[in-house]
Amino acid sequence: MNKAITPRLIPLLIAAAFSGTAGAAGFQLLEQNASGIGNAYAGSAAVAENASTIFYNPAGMTQLQDREVSLGLTAVRPSFNFTNNGSTAGTLSGNGNDGGSWAFLPNAYLSWALNKDLYVGLGLGAPFGLMTEYDQNWVGAAQSIKFDIKTYNINPSIAYRVNDLLSIGGGLNWTRMEAEYVKRAAASPLAPLATLKADDDSWGWNVGVLLNLSPATKAGLSYRSKVKQKLDGTLTVAGVTSFAAKADLTLPDTAILSLSHKLNSQWELLGDVSWTGWSSIPKVDIVQKASGVTVQTLNTAFNDSWRVAVGANYQLNGALKLKGGLAYDQSPVPDAEHRLVSLPDNDRTWVSVGAQWKPNKGSALDLGVSYLIVKDTTINAGPSSGTTVRGTYDSDVWIFGAQYSMAF
């Protein structure tokens, strides 16, 4: 193997395991239910309208009926259209076409009352991930052609109603992370493709508090811990070599403060402030497993980020509720020099609408759609593998979701 290529190649491949563009900023997926889409997830830790509260605030289970199940599917379609402006990329050329692609995110939740005050639950979802994919010989192919990251989360939970004012809850989180990344080994269409596949299983936890401040007002506070992932994988350069590599990263912790307030029998107002500790990934040490030597340190320079959301519900009649919401979501990427082609992320604004139909007390169908307006995004990524990618991204995101919930 060409030893001049290897030290530069490994960190870039590992870097993709920390990137991706999802509905939320960075590579976080807020879409752990579809019932919150119509409100841009405003009030997520306070509403407790179905069993998906297990993810956003497990204390909310005490507001549910004795046994509830909630099943949902969300479709996310980001669009990343690059325009070159002075890149240096050897003999690679082209803007890569749209780097975004569809992602489909299922979720499932079950809540069960053991008695009038004690509840247990189980949640299944995918809190981080998504994919970018470009043409194989585009101007940035020596930095990224394809990036695909998936997570799977299993979240057993418990909640207890202390009194009419206070409920508390918590849970454990088993998280599996899988990543695949493909790039050219050098800045030429003739260079071999290099592929990293890596995965890990790890554990985290979450807690929450729900306050019934009055018959009309609820406040929720929840926290999800960091999750330390120790990725093990294989790096393959087609027709040249294959060897083991590893890297550690810590997925960020999150905190949410939410409010819901019923103005009257028809109108409900929702608010949300959330924080994500992306600074848990300031840099990544890349280690070659056979030797234990750190090949390179990748300085990601992620910043902690904030998200604010407001929403409103209107009860049109006994069966139909209309939903709306707006949100502003900060990106953890600090500047053009730290923006990766596998993570063309920037601040975004959510515009959301939805509806809930309840044919009876024990069932509900939620539909929601969000359009995310992404701030114009410049990139100056490199030098890497002999290339620097300079230009702009024109990006947006569509999110569509459906959720069915029932009590039994």
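I'd like the residue in segment 94-118 that is hydroxyl-bearing (S, T, Y) and at pLDDT 95 or above and, out of all such residues, is surrounded by the most Cβ atoms within 10 Å (Cβ to Cβ). Steps first, answer last, please.
Initially, segment 94-118 is screened for residues hydroxyl-bearing (S, T, Y), giving 101, 109, 111.
Next cut, at pLDDT 95 or above only: 109, 111.
On the way: Y109: 27, S111: 31.
Selected residue: S111.
Determine whether segment 137-158 contains at least one residue that is out of contact with any strand residue (DSSP E or B) (no Cβ under 6 Å at 6 or more places or on another chain) and either surrounded by fewer than 23 Cβ atoms within 10 Å (Cβ to Cβ) or of a type in the set (F, W, Y) (or both).
In the first step, residues of segment 137-158 are kept if they are out of contact with any strand residue (DSSP E or B) (no Cβ under 6 Å at 6 or more places or on another chain); the result is 137-138.
If we keep only those that are either surrounded by fewer than 23 Cβ atoms within 10 Å (Cβ to Cβ) or of a type in the set (F, W, Y) (or both) too, we end up with 137-138.
Yes, there is a match, as at least one residue in segment 137-158 is out of contact with any strand residue (DSSP E or B) (no Cβ under 6 Å at 6 or more places or on another chain) and either surrounded by fewer than 23 Cβ atoms within 10 Å (Cβ to Cβ) or of a type in the set (F, W, Y) (or both).
Please enumerate the residues belonging to segment 295-324 that are more than 27 Å from S274 (Cα to Cα) and at pLDDT 95 or above. Explain how you work it out, then say what you get.
Going residue by residue through segment 295-324, those that are more than 27 Å from S274 (Cα to Cα) are 295-298, 316-320.
Result: L316, N317, A319, L320.
Restricting attention to segment 325-350, which residues are among the aliphatic types (A, V, I, L, M) and either assigned to a helix (DSSP H, G or I) or farther than 21 Å from T276 by Cα (or both)? Let's see the steps before the verdict.
Residues of segment 325-350 among the aliphatic types (A, V, I, L, M): 326-327, 333, 336, 340-341, 343.
A336, V341, listed by residue number.
If you check L118, L122, L130, L110, which single one turns out to be of a type outside the set (V, I, T) and under 15 Å from the mean Cα position of the chain (by Cα)?
Working: L118 fails: under 15 Å from the mean Cα position of the chain (by Cα); L122 fails: under 15 Å from the mean Cα position of the chain (by Cα); L110 fails: under 15 Å from the mean Cα position of the chain (by Cα).
Among L118, L122, L130, L110, only L130 is of a type outside the set (V, I, T) and under 15 Å from the mean Cα position of the chain (by Cα).
Could you grab the pairs with beta carbons closer than 6 Å, sequence gap of 6+ or different chains, first residue in segment 317-343 and more than 24 Å from V353 (Cβ to Cβ), second one among the hydroxyl-bearing types (S, T, Y) and part of a strand (DSSP E or B)?
P332/S305; A336/T378; S342/T132
Can you find a residue in segment 311-320 that is in contact with a Leu (Cβ under 8 Å, 6 or more places away or on another chain), loosely packed, with under 15 Cβ neighbours inside 10 Å and assigned to a strand (DSSP E or B)?
yes
With the condition kept exactly as written, say whether any residue in segment 227-237 is free of Cβ contacts under 8 Å to residues at least 40 places away in the same chain, among the charged types (D, E, K, R) and within 24 Å of D285 (Cα to Cα). Explain how you work it out, then say what you get.
Initially, segment 227-237 is screened for residues free of Cβ contacts under 8 Å to residues at least 40 places away in the same chain, giving 228, 230, 234.
After this cut, where a residue has to be among the charged types (D, E, K, R) as well, the list is 228, 230.
From what's left, within 24 Å of D285 (Cα to Cα): 228, 230.
Yes, segment 227-237 contains at least one residue that is free of Cβ contacts under 8 Å to residues at least 40 places away in the same chain, among the charged types (D, E, K, R) and within 24 Å of D285 (Cα to Cα).
Among the residues in segment 364-386, are any in contact (Cβ under 8 Å) with a residue 60 or more places away in the chain, outside any strand (DSSP E or B), within 18 Å of the chain's Cα centre (by Cα) and under 20 Å from S305 (Cα atoms)?
Looking through segment 364-386, none of the residues is in contact (Cβ under 8 Å) with a residue 60 or more places away in the chain, outside any strand (DSSP E or B), within 18 Å of the chain's Cα centre (by Cα) and under 20 Å from S305 (Cα atoms).
The values are calculated or read from the model by the stated rules, or taken from the named source; none is laboratory data. Everything numeric in this text was worked out from a predicted model, so none of it was measured. Here Cβ is always computed from backbone atoms with ideal geometry, including for glycine, and neighbour counts include all displayed protein chains.
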